[in-house]
1. Check whether at least one residue in the range 127-142 is surrounded by fewer than 18 Cβ atoms within 10 Å (Cβ to Cβ) and in a helix (DSSP H, G or I), and report yes or no.
2. Of the residues 121, 150, only one is out of contact with any helix residue (DSSP H, G or I) (no Cβ under 6 Å at 6 or more places or on another chain) and in a helix (DSSP H, G or I); which?
3. Can you say whether residue 118 is farther than 22 Å from residue 17 by Cβ, out of contact with any strand residue (DSSP E or B) (no Cβ under 8 Å at 6 or more places or on another chain) and modelled with pLDDT of 95 or more, as far as the supplied structure shows?
4. Being at pLDDT 95 or above and surrounded by fewer than 17 Cβ atoms within 10 Å (Cβ to Cβ) is the filter; apply it to the range 45-65 and report the residue that is nearest to residue 213 (Cα to Cα).
5. With the requirement that a residue be buried (at least 18 other Cβ atoms within 10 Å of the Cβ) and either modelled with pLDDT of 95 or more or assigned to a helix (DSSP H, G or I) (or both), what does the range 207-225 give you?
6. Could you check the range 193-234 and list, in sequence order, the residues that are free of Cβ contacts under 8 Å to residues at least 40 places away in the same chain, under 19 Å from the mean Cα position of the chain (by Cα) and over 16 Å from residue 159 (Cβ atoms)?
7. Could you pull out every one of the strands (runs of 3 or more DSSP E) wholly within the range 1-60 that has 1 or more residues that are closer than 19 Å to residue 188 by Cβ and without any contact (Cβ under 8 Å) to a residue 40 or more places away in the chain?
8. Looking at (1) modelled with pLDDT under 90; (2) more than 16 Å from the chain's Cα centre (by Cα), which one does residue 187 not meet, given that it meets all the others?
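The values are calculated or read from the model by the stated rules, or taken from the named source; none is laboratory data. As the structure is a prediction and not an experimental result, all values here were calculated from the model. Positions of Cβ are generated from backbone atoms using ideal geometry, with glycine treated the same way; all protein chains shown enter the neighbour counts.
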């Protein structure tokens, strides 16, 4: 995109720690952000602060997701981009995780992404330029990590889905990007569970900058995959 000014960007999973930084970064570029989360309580404060449209949706079915985007289009008049941040973290060794854990990992990470893209794509194809971006994980690169089998598998599916989607859309003006945090991000969960010092956690602002850079790319070259590494010691 040449500019994000006045572009309508839908941010799903908008009540999370990373999402807050993403929302602020897009707003700083002049974008009109739309906040979507499974709980209105998680986003109503941000929506009020930003003057943003907020809608509650859990993307539990394709029809529910289509209805959500229809409401967004009715409210905003257009949609130019999607930042999909929905996806629960599921930890545990294979001997300890359950069928419910499996469903949680895949339903929240890849099924919601599939529904969101399926629902929003017709609208994005009508725009002169648009983008779709999602978040993967370091677990899908290099060697596996103990206790991350389900989460790694679900995030691998996210990355594979977006890579293939990028190929499908190569004749369009829609850019597809994947942001890879190459370490734990500074969230409440990771401050409680991460094995590294707080100073080595990746700032949500760094993740947000990556998403903005991805959205602004395209003219002369696109940023399909962006790895964001932990800060250096010192």
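1. No - not one qualifying residue is present in the range 127-142.
2. Unique residue meeting the criteria: 121.
3. Yes, satisfied.
4. That would be 56.
5. Result: 207, 208, 210, 211, 212, 214, 215.
6. 201, 202, 206, 213
7. Strands (runs of 3 or more DSSP E) meeting the threshold: 32-37.
8. All conditions pass for residue 187, except number (2).
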